[in-house]
Structure formats: structure tokens, C-alpha cells
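The values are calculated or read from the model by the stated rules, or taken from the named source; none is laboratory data. Please read these numbers as outputs of a predicted model, since none were measured by experiment. Cβ: placed from backbone, ideal geometry, glycine included. Neighbour counts: every protein chain shown.
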Amino acid sequence: MKVSTLTRGLLSAIKSNAICSTRSHFTYYPTKLAQGVRDVQKMNMFQAINNAMDLGLEQDSSALLFGEDVGFGGVFRCSMNLRDKYGKDRVFNTPLCEQGIAGFAIGVANTGATAIAEIQFADYIFPSFDQIVNEAAKYRYRSGGLFDCGSLTFRVPCGAVGHGALYHSQSPEAYFAHTPGLRVVIPRGPIKAKGLLLACIKDPNPCIMFEPKTLYRAAVEEVPTESYTEELGKCDILREGTDVTLIGWGTQVHVLLEVADLAKKQLDIDCEVIDLVSVLPWDTKTICNSANKTGRVLIAHEAPFTQGFGSELAAYIQEKCFLRLEAPIKRVTGWDTPFPHVFEPFYLPDKHRCLAALKEIVNY
Amino acid sequence: MLRTLSRVSELPIIVKQLQKNAAQAGVAKTNNYATEATVQVNRPFKLHRLEEGPETTVKLTKDEALKYYTQMQTIRRIETAAGNLYKEKIIRGFCHLYSGQEACAVGMKAAMRDVDNIISAYRVHGWTYLMGVPPLGVLGELTGVQSGCARGKGGSMHMYCPNFFGGNGIVGAQVPLGTGVGLACKYKGNGGMCLALYGDGAANQGQVFEAYNMAYLWKLPVIFVCENNNYGMGTSSERASCNTDYYTRGDALPGIWVDGMDVLAVRSATEFAIKYVNEQGPLVMETNTYRYSGHSMSDPGTSYRTREEIQEVRQKRDPITSFKELCIELGLITTDEVKAIDLKVRKEVDEATAQAKGGAELGLSHLWTDVYSNNLEPKLRGTNAYDIDHIQERKGVNH
């Protein structure tokens with residue numbers, strides 16, 4: 001009974017939104033830089049990442065780039081032309097062996113050289129989980145600081161793409177956020193991706209950049225052509241507001257920006273939208289300041305609910321901002337099921353689910 | 001690449017050999033029609049740590065010839081239909097075609113007994129059909145509708161039926177699983193074994209070697225089958241593997257190299273291997289084959305190999321054409337029979353395609369059905385305002 005009511009409810013929500021939801025579940029909100037500041041070029045996210053790796057390889061002669069099919073540009077074209085430019089001893093394909101790729105990258109980084117390793121899909125990172133969690137994250141600590149693999153960066157395409165089903169859609173950031181010693185970042189678009197990747201390459205800690213694969217082509221921005229880094233561990237306030245704080249990362253940021261538009265238009269609610277950017281370590285100060293200001297917090301991510309990274313945010317915020325909160329912190333997430341094949345539109349924390357949750361906390 | 005070229009240059013010799021074999025083969029005839037023939041396999045087996053190998057002279061009956069031809073042709077048609085559905089955007093996501101490799105699956109299936117099992121990777125549409133799922137079950141799974149064998153919940157890489165433990169989306173992950181299935185066969189003492197299939201790309205995954213080692217230690221009835229189609233995604237085997245003689249890579253495990261374009265050679269090797277693994281323990285079987293399509297639908301398959309190379313294999317080594325010619329030459333099948341089979345297969349697959357296009361998707365409640373057995377918690381988490389009970393519907397075929 002409940003099921004059929006729900007089915008009708010969700011289906012009608014989808015139908016009413018048929019025009020917007022035909023291609024994907026979000027509308028892209030490009031980041032705009034102040035005009036005339038720097039030389040810019042129009043790039044999508046894979047081009048911006050390509051540009052960052054180009055600069056990384058150019059600036060650091062010890063830097064190596066490798067992964068499955070990376071030599072030809074990779075399945076998402078991020079490493080296009082880099083083998084031609086830097087040679088096949090620096091940019092090369094590996095066999096299909098993720099554990100080996102990770103171990104190999106850690107070894108390279110242990111010698112002080114810079115390793116940029118691609119794991120073709122986040123769903124394939126689990127064979128290398130042991131190497132990343134037990135080797136990369138703990139090398140510095142267990143050797144008393146004698147050795148580290150800080151010059152190591154993993155690039156990992158993640159997230160929903162519309163038709164990826166079980167093994168080409170997952171968002172495993174929370175597994176890695178549970179591991180002290182790592183840095184985990186997720187860009188929302190080309191400008192951020194370039195700056196974060198260059199920052200990760202230069203950062204003296206092992207870093208993982210999860211790249212929402214649906215943004216590779218869908219996200220286009222005017223990206224500065226020069227080399228620049230984004231500060232790691234900092235979140236971005238994309239829209240200031242006074243009533244509710246909306247927190248997301250990756251593709252979900254764009255869903256939340258649209259939710260903020262809808263909330264303003266339909267309910268006259270001012271949302272503050274924050275892109276977390278860094279999942280580990282995350283920017284506790286900015287997030288808590290915002291939560292103290294608005295008193296209401298909604299967190300949304302594609303990964304499942306239980307033990308998703310939203311759990312950490314919610315627990316921390318309630319501890320630090322308890323007396324200022326006007327409503328329980330709300331998480332809108334993927335459901336606690338495997339990532340579904342034909343049911344992806346229902347599984348995702350789309351704008352309808354986020355807006356419904358927003359109404360709940362406002363009316364609490 | 002060198003290896004590929006040398007293989008291609010051998011081709012005319014193989015064709016001649018085929019004709020010679022047919023001429024030499026013993027043929028039993030009744031009323032001008034042959035009912036049984038004796039055939040030499042096309043190319044000799046190569047052996048690793050084995051004194052004796054599979055039979056190189058094999059018997060082929062008319063019924064078998066008709067069956068293998070029909071099976072290979074059906075797989076080819078299903079894959080062609082799948083490729084077209086993908087181009088029409090009716091199949092979304094991931095779709096890996098088996099065209100060119102049909103003789104591997106059909107040959108192995110021909111040797112399998114009811115107690116035997118198989119597990120494979122993501123190129124499994126053909127296997128799914130051979131293990132008993134009708135074409136609609138395969139195509140419907142691809143289009144994501146209820147008539148699919150996993151009711152549209154799995155998609156291209158996740159198809160299952162009894163004794164077929166499925167495709168697998170994670171490269172190499174199925175190999176230890178297949179070893180576990182072999183362990184269960186041995187423990188139960190049911191005389192069965194498991195074929196654990198993987199490609200030349202997956203052959204470099206560490207867990208494959210872990211599986212070899214355990215299987216050898218415990219003498220498990222497992223045939224590790226490396227379907228070597230010469231390319232792991234976009235990388236040729238020479239550039240990915242330090243040793244491209246995949247049949248020798250089990251180290252202590254014996255191995256057999258088989259011409260994977262010759263259905264009778266694959267059948268003969270599998271018969272030998274089934275007997276061997278049940279009596280002595282695991283072995284590795286490499287079936288040397290070729291895929292005509294790219295790795296998946298997003299790969300045109302021509303950036304890392306030439307169109308000429310693909311064309312040459314199609315013309316000179318195609319497993320279906322060569323088998324058809326052999327059977328006609330032996331008098332086991334007539335050209336009229338071939339035409340009749342082709343028509344029947346086309347009709348069956350066309351009908352299945354139409355049904356797969358028009359079928360209905362499962363109800364939305366299947367988004368949260370069958371996550372757990374005897375649902376550990378009554379309510380599903382993460383659904384916000386919706387109050388949803390976990391649902392368990394199916395008991396697995398293994399219970």
C-alpha cells in the first residue's frame with residue numbers, strides 16, 4: 001500500500017519535471033571568476049584536468065602519470081596528448097591491476113618522485129584499498145617520519161552518470177575519509193578541478209581526488225591558463241544566505257544551487273550553499289560558522305545514507321552548534337541499496353527530495 | 001604486435017589445413033548424408049607440464065554439428081541486435097559484445113555436464129544464452145525490462161541462471177569466486193567442477209594468482225580459462241603481460257593452449273580438462289580468440305589495431321564460417337539446412353529484440369527489493385520522508 005502510493009508520488013514528480021530531467025538530474029552552475037584578472041580559456045572538466053597534469057609534468061621532471069589506458073588519453077580523455085608531449089617513460093598504460101597500480105605509485109612516491117595514478121573508475125578502487133589505507137596512509141607515521149609517500153596523487157572518476165549501474169556509479173569518499181593520513185578532495189567543476197589537482201600533486205601528503213565523471217563534459221567554465229592551486233581543506237561558500245545551510249560536494253553542489261533557487265522563488269527562503277570541496281580534512285570552522293548563523297543544516301550526497309560522509313558532518317555540527325540549531329540536521333542521500341541500474345533517477349538525492357527535506361526543517 | 005602479425009600470416013596455412021583435414025577425415029554416410037565424421041582439430045594444442053593432451057582427432061555427429069552451428073549463429077545474432085539497440089540508445093550504459101569469440105563458449109558448453117558450473121567476466125551475453133536463458137532474457141536484461149534474466153536489475157554484465165554464477169563487472173574478481181565454487185563441488189563430492197573464465201587483461205590481476213595457488217594446494221576441480229582475445233581494453237596483450245603464454249602462467253598448474261576459433265578443439269580440450277581437474281586438480285586453459293568489436297560500446301576498437309587486422313580475422317578465421325564450411329564439406333550439413341537455421345535464428349532474435357524494446361520495467365519497489373535476506377532491519381534508510389519496508393522476494397537458485 002505504502003509502496004504504491006510512493007511509486008505514484010515519485011513518478012508524478014518525475015513527469016512534472018520531464019523537460020529538465022531528460023538528460024541528467026542536475027543543472028550545471030558554472031563558477032565565474034572576477035573579470036579581467038587572468039588569461040582564461042574555455043575548458044570542460046577533462047580539459048582542465050588535462051591542463052593541470054600538463055603543468056604538473058612540466059614543472060616537476062620527476063612526475064610520472066600512469067593507469068589503465070592512460071597512455072592513449074584514458075577512457076575519459078583526461079590524459080590526451082600527454083604521452084606524446086612527455087614521452088612514454090613518463091606517461092604510460094598499466095595492466096589491469098588496481099592493487100598493483102596503487103602499490104607501484106606508493107613505491108614511486110617513497111623515493112621522493114611524484115606519482116599521479118589513475119584508477120579508471122572509483123568502483124574499481126577496492127582492489128587497491130589495502131595499499132591506499134594500509135600503506136599510503138600510514139607510511140610516514142610508521143617510519144617515524146623517515147619515509148612518506150606524500151608526493152602521491154590518485155585521480156579517480158566517481159559518481160552517477162545516468163546509466164552507470166552498479167559498478168560505474170559509486171561514490172566511495174566516506175571509506176577513505178575514515179583513514180587518517182590521507183587527503184580526499186572532490187571538485188565541482190573545471191576551475192576547481194585544475195587548482196585542486198595541482199595542489200594535490202604539490203601537497204606533501206597522499207591525496208585522492210574523486211572526479212564526478214558526469215562533469216567531465218557537462219561542466220564548462222572559463223579556466224585560467226596559468227598554474228594555480230586551490231587551498232586544500234577549505235570549503236567554498238557559493239551563495240550566502242541566512243535561513244538554511246545546504247552542504248554538498250561534487251555534482252550534488254549543482255543540485256543544491258538549484259534547490260536554493262527554488263527555495264527562494266517558491267518559499268522565500270534564503271539558503272547558504274556550501275561546496276565542502278575537501279572531505280578529509282574538512283573545513284570545520286566555516287561549516288560551523290554557517291550552521292551557527294542559519295541554525296538549520298541540510299547535507300546531501302550521492303553515496304548511501306548510513307555512514308555516508310554526511311554522518312560525520314551532522315555529528316560534528318550538532319556537538320559544536322547544539323544551542324544554535326533550530327531543527328535536526330537533515331541528510332538527503334542515495335538510499336541504502338546498491339547503486340541501481342534502471343532506478344537511478346529515484347535513488348539520487350535530486351532537487352525534489354532535497355526541497356522536500358528543506359521544507360521539513362524550515363517547518364520544524 | 002609482432003605476435004599478432006605472425007599469427008595473421010599463418011592464416012592461409014590454417015585454411016588449407018582445414019581443407020586437408022576435411023579431405024582426410026573419416027566420414028560415415030547413410031543415403032548420401034553423413035551422420036558422423038572424424039575431424040582433426042585445426043591447430044595443435046600446446047601443453048604445459050602435461051605429458052598427454054586432449055584428443056586431436058574428434059568425432060562430430062550431424063546433430064552436434066547442427067547444434068553448435070545454431071548456438072554460435074544465435075550468439076552472433078544476439079550480439080548484432082545488442083549493438084544496434086545500443087546505437088539506438090535503447091540499451092544504456094555498458095555493453096560488451098562477444099562476436100568473434102563464439103567458438104570458445106559453445107565448445108566449452110558442449111563438454112560441460114549437468115553438474116558443472118561456470119563463472120565469467122563482463123562479456124557474457126553468449127554464455128547466458130548457452131546456459132539456458134532464451135534470447136529475450138538476454139536482450140531484455142540489456143534494455144532493462146522485466147523479461148530480462150535479472151529482471152532488468154543487473155544489465156549487461158550481470159546475468160545469471162542455474163549453474164551460471166554470472167558475469168562480473170570487476171576485472172578478475174570472478175576468478176577466486178569460481179575457485180570457491182570448485183571447492184564446494186569437491187566438498188560436496190558431487191563430481192562437478194567450475195570453469196572460471198577471465199580475459200588476457202584480467203590475467204594480470206593479483207587475485208588470479210591467489211586463486212591458482214589455493215586451487216593447486218587443495219587440488220580443486222577448477223579449470224581456469226583465459227579467453228585471450230589479444231586486447232585487454234585498449235592495450236594489446238604484448239604490452240600488458242610479461243608472458244603472453246597464458247596457459248603457462250599457473251606456474252605449477254598444468255596448462256593447455258587451444259585454438260579458440262575452433263569449436264571442436266575447444267570441446268576436446270574442455271573434455272580433457274574436466275576429466276583432469278576431477279582426478280588431479282586444477283589446470284589453466286588458454287583459448288586464443290579474437291573480438292571483432294571494441295572493448296565496450298564506447299570503444300570503436302580501431303585505435304589500437306588496424307581495420308585490416310579485424311577484416312583478415314573475419315575473412316580467414318571466423319569461428320562460424322569456418323565451422324559451417326567444414327560441416328558442409330564433410331556432408332554433415334547441407335547448404336539448405338544452413339539457410340533454414342539462419343532464418344530461424346534471425347526470426348527468433350528479431351522477435352526477442354522487438355519484445356525487449358517494448359517490455360515494461362519492473363515496478364519502482366524493486367529499487368529496494370532483495371538488498372538483504374530476511375531483512376536485517378525492517379525499514380530502509382536514507383529515504384527521507386518515505387516510509388519504506390525492506391522487501392525480500394527471491395530465494396536464490398542456490399538454496
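Say we look at region A:331-349 and pick out the residues that are more than 8 Å from chain B (Cβ to nearest Cβ) and not in a loop (DSSP other than H, G, I, E, B); which of these is surrounded by the most Cβ atoms within 10 Å (Cβ to Cβ)? Break it down stepwise before answering.
First, the residues of region A:331-349 that are more than 8 Å from chain B (Cβ to nearest Cβ): A:339, A:344-345, A:348-349.
Filter once more, keeping what is not in a loop (DSSP other than H, G, I, E, B): A:344-345.
Values: A:Glu344: 21, A:Pro345: 18.
Going through the qualifying residues, I end up with A:Glu344.
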query: What residue, among those in region A:69-81 that are modelled with pLDDT of 95 or more and touching a Gly at 6+ places or on another chain (Cβ under 8 Å), is surrounded by the fewest Cβ atoms within 10 Å (Cβ to Cβ)?
result: A:Asn81
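State the number of residues belonging to region A:137-151 that are within 20 Å of A:Ser171 (Cα to Cα) and touching a strand residue (DSSP E or B) at 6+ places or on another chain (Cβ under 8 Å). Before you say what the answer is, go through the steps one by one.
If we filter region A:137-151 for residues that are within 20 Å of A:Ser171 (Cα to Cα), which is where we start, we get A:137.
Then drop every residue that is not touching a strand residue (DSSP E or B) at 6+ places or on another chain (Cβ under 8 Å), which leaves none.
Within region A:137-151, residues that are within 20 Å of A:Ser171 (Cα to Cα) and touching a strand residue (DSSP E or B) at 6+ places or on another chain (Cβ under 8 Å) number 0.
Pick from A:Val161, A:Val156, A:Val108: which is in a helix (DSSP H, G or I) and either among the aliphatic types (A, V, I, L, M) or more than 24 Å from the chain's Cα centre (by Cα) (or both)?
On the way: A:Val161 fails: in a helix (DSSP H, G or I); A:Val156 fails: in a helix (DSSP H, G or I).
Testing whether each residue is in a helix (DSSP H, G or I) and either among the aliphatic types (A, V, I, L, M) or more than 24 Å from the chain's Cα centre (by Cα) (or both) leaves just A:Val108.
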- prompt: Taking region B:355-384, which residues are exposed (fewer than 13 other Cβ atoms within 10 Å of the Cβ), more than 14 Å from chain A (Cβ to nearest Cβ) and either over 30 Å from A:Val332 (Cα atoms) or of a type in the set (D, E, K, R) (or both)?
  reply: B:Gly358
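This table checks each residue for (1) β-branched (Val, Ile, Thr); (2) at pLDDT below 95; (3) over 25 Å from B:Glu393 (Cα atoms).
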site	(1), (2), (3)
B:Ser156	no, yes, no
B:Asn168	no, yes, no
B:Gly192	no, no, yes
B:Ala196	no, no, yes
B:Gln205	no, yes, yes
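Residues that are aromatic (Phe, Trp, Tyr) and more than 9 Å from chain A (Cβ to nearest Cβ), at least 3 per element: which helices (runs of 4 or more DSSP H) completely within region B:130-222 meet that?
B:206-217
Please give the strands (runs of 3 or more DSSP E) falling wholly within region A:171-261 in which 1 or more residues are within 16 Å of the chain's Cα centre (by Cα) and either crowded, with 20+ Cβ neighbours inside 10 Å or not assigned by TED's automatic domain parsing to the domain that holds A:Glu135 (or both).
On the way: elements: A:183-185, A:207-212, A:220-224, A:236-239, A:244-248.
Per the criteria, A:183-185, A:207-212, A:236-239, A:244-248.
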Positions within region B:237-265 being crowded, with 19+ Cβ neighbours inside 10 Å and among the small types (Gly, Ala, Ser), in sequence order: B:Ser237, B:Ala240, B:Ser241, B:Gly250, B:Gly255, B:Gly260, B:Ala265
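Quick check, is B:Lys339 away from chain A (no Cβ under 14 Å), farther than 15 Å from A:Tyr347 by Cβ and free of Cβ contacts under 8 Å to residues at least 12 places away in the same chain? I'd like the intermediate steps shown before the answer.
Values: away from chain A (no Cβ under 14 Å): yes; farther than 15 Å from A:Tyr347 by Cβ: yes; free of Cβ contacts under 8 Å to residues at least 12 places away in the same chain: yes.
Yes; evaluated as a whole, the condition is true for this residue.
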message: Out of everything in region A:273-286 that is surrounded by fewer than 23 Cβ atoms within 10 Å (Cβ to Cβ) and of a type in the set (D, E, K, R), what residue ends up being nearest to A:Ile191 (Cα to Cα)?
response: A:Asp283
message: Anything in region A:156-170 that is touching a helix residue (DSSP H, G or I) at 6+ places or on another chain (Cβ under 7 Å) and either under 27 Å from A:Asp60 (Cα atoms) or more than 13 Å from chain B (Cβ to nearest Cβ) (or both)? List them, or say none.
response: A:Val156, A:Pro157, A:Cys158
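Right, A:Cys97: in contact with a Pro (Cβ under 9 Å, 6 or more places away or on another chain), outside the structural domain of A:Glu302 (by TED's automatic domain parsing) and modelled with pLDDT under 95 or not? Spell out the reasoning first.
Details: in contact with a Pro (Cβ under 9 Å, 6 or more places away or on another chain): yes; outside the structural domain of A:Glu302 (by TED's automatic domain parsing): yes; modelled with pLDDT under 95: yes.
Judged against the criteria, A:Cys97 is a match.
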